[in-house]
Amino acid sequence: MQQLMSRLNILPNYTIDIAISHNPYNFALTDLFKMAARINKKRQFLFVSTVLGKHLAVRPQVPLLTGSLLALMYHQHLTGQQADATPNVVAALKEGTRLENRMDGYVKLDETTLFIGFAETATALGHAVFNTFQSNAIYIHTTREVLPDLEPFVTFEEEHSHATSHRIYTEQPEAFMQAQRIVLIDDELTTGNTVINIIDTLRKKFPSVKHYAVLAILDWRSEQQQMVFQQLEQQWGITIDFLAIMCGHFSCNGTPSLTKRQPEIATDMAQEITLLPIQQTMEQKLYRSIAENGLVNQQPYLAATGRFMLTSEQHFQQKEALQAIGQQLTSLRTGGPALVIGTGEFMYIPMQIATYLGEDVYVQSTTRSPIYCTGEDSYTITEKLAFDSLENNGVTNYLYNVQSQPYSELFVMVERIAKKEVVAQAVAALQAVSTAKIYVICMHEWEVVAQ
């Protein structure tokens, strides 16, 4: 098999050699990712996605269409036929044009399929995959959060991650048991160990499910790691199909020198906060969470995130509410570029709302992943803000490269605010680097509007 070889510089004395073995849509590397160093001794490199809307700002349609492309690939795998929309989706992602195409409910599924997105990075990606199917689809995403009042349906580990434990919570385990196929969605596969951990757990919960699929933007598993899955298929009596937009292998050379001082967590308070209640009520889930330092958040979750499970029917019922919120926020725009900021695992709803805000709108999200920041030439992460998590106080979150764009408005969307003082600190961090008008949209505070 002919492989395309590339060497990318990450930092001085730190490079990565990449061999691409499978690239059916002929994406350039930078169409899908850039490289950075991560502050993690377990793994010191990071593929920074240019299509996820997580660490780097993108148009909101880009991550949604990326999920749709993975869904179309899965549908083609099941049926043997390429969907008519696939070339248009690929062209939109490559060219950054015609992004207005929506793939909601574009294809059908013959069998009830459970889609699982991996936290925190792939919660929106998994939701976008699920969103592409018209019926017979169930979605849930894993979470790093601890909900003491609800027993986890599944727990498993991701050893290399900054936060290793994943949990799946659901109020309707009986609905899960209707699944005939299970599809796992992650942004990137490096070793596949996380997939092994979750499938080993799921096959004991779902003994009747014999067909698994794993969807990813990037698949870097070695031939030896791929053989491990072939052996597990025989050992477990199941099939595990892998579908990725780009596959290959890589090797890092050298050792990163992470010496420059990184920003401290923000402690200043904002001069002024515009806390904007939404005018649209949405279904809530009344569970508290406990952060890693023991702090408790009593505020409710939104049902629309998929954290507790969504069916296709429930998902489409929520579209009208998200569009109404988008219309409310559109009135605040002044014509310049706007950035919608999701928080942690809360990514998909901000993305969907952002698609209704008009032109020149971008999305990204806070993250607990500590990426090394430096002004070295051509390095990916040049600016970094650090502040306490808005939902789970006591966990440091980061936001990257915000000050590199002259935004007119910043819309910070928070599912559940633990303490308004912590929100004020995050806003202060944004005010220190941006002249934009900052709005904080709190999804559990509603504005009463006269009828």
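The values are calculated or read from the model by the stated rules, or taken from the named source; none is laboratory data. Computed from a predicted model, the values in this text were never measured in an experiment. Counting neighbours? That spans all protein chains shown, and the Cβs are built from the backbone with ideal geometry, glycine included. Accessible surface areas use protein heavy atoms only, side chains included; no ligands, DNA or RNA. Shrake-Rupley method; radii C 1.70, N 1.55, O 1.52, S 1.80 Å.
Computed extension length for Ser165-Glu95: 21.5 nm, one decimal, from 0.36 nm per residue of separation with the Cα-Cα distance subtracted.
So if I place +1 on the C-beta of Lys and Arg and -1 on the C-beta of Asp and Glu, and nothing else carries charge, what would the dipole magnitude of the range 122-261 be about its Cα centre? I want it in debye, nearest 20.
Working: 10 positive and 16 negative charges, 28 e Å.
Result for the range 122-261 is approximately 140 debye, rounded to the nearest 20.
Please state the shape class of the chain: rounded when a/c is under 1.5, otherwise prolate if a/b exceeds b/c and oblate if not, all from the C-alpha gyration tensor. Judged from the Cα gyration tensor, the chain comes out rounded (a/c under 1.5). Rolling a 1.4 Å probe across the protein heavy atoms gives the chain an accessible surface of 41 Å² per residue. Of the trypsin sites (Lys or Arg not before Pro) found in the range 17-75, those in coil by DSSP whose Cβ has at most 10 other Cβ atoms within 10 Å are Lys41, Lys42. Place a point 7 Å from the Cα of Asp110 along the Cα-to-Cβ direction; which residues of the range 70-96 have their backbone N under 20 Å from it? Residues passing the 20 Å test: 71-85. Within the accessible surface of the range 38-93, defined with a 1.4 Å probe on protein heavy atoms only, the carbon and sulfur portion equals 47 percent. Spin-label model, Asp268 to Asp149: label points 7 Å out along the Cα-to-beta-carbon direction sit 3.8 nm apart. For the chain, a simple Cβ point-charge model (Lys and Arg +1, Asp and Glu -1, everything else neutral) yields a dipole of about 500 debye relative to the Cα centre. What you get for the range 213-331, charging only the Cβ of Lys and Arg (+1) and of Asp and Glu (-1), is a dipole of about 180 debye around the Cα centre. Across the accessible surface of the range 303-451, with the other protein chains kept in place and a 1.4 Å probe, carbon and sulfur atoms take up 47 percent.
Summarising the label geometry, the points placed 7 Å from Cα in the beta-carbon direction at Asn88 and His249 lie 4.0 nm from one another.
Between Gln279 and Val433, the contour length at 0.36 nm per residue exceeds the alpha carbon distance by 52.5 nm. For a straight C-alpha distance cut-off of 21 angstrom, the lysines reachable from Lys285 (same-chain residues fewer than eight places away being disregarded) are Lys319, Lys419, Lys420.
Placing unit charges on the Cβ atoms of the charged side chains and taking the dipole of the range 318-451 about its Cα centre, the candidate lying farthest along the positive direction among Tyr400, Ala386, Cys373 is Ala386. Within straight-line reach of Lys94, meaning a Cα separation under 19 Å, sit the following lysines at least 8 residues removed in sequence or on another chain: Lys34, Lys54. Taking the charge dipole of the chain about its Cα centre, with +1 at Lys and Arg Cβ atoms and -1 at Asp and Glu Cβ atoms, the residue from Pro207, Tyr356, Ser257 reaching farthest to the positive side is Ser257.
The calculated FRET efficiency for the pair Glu313 and His22, based on their C-beta separation and a Förster distance of 45 Å, comes to about 0.80.
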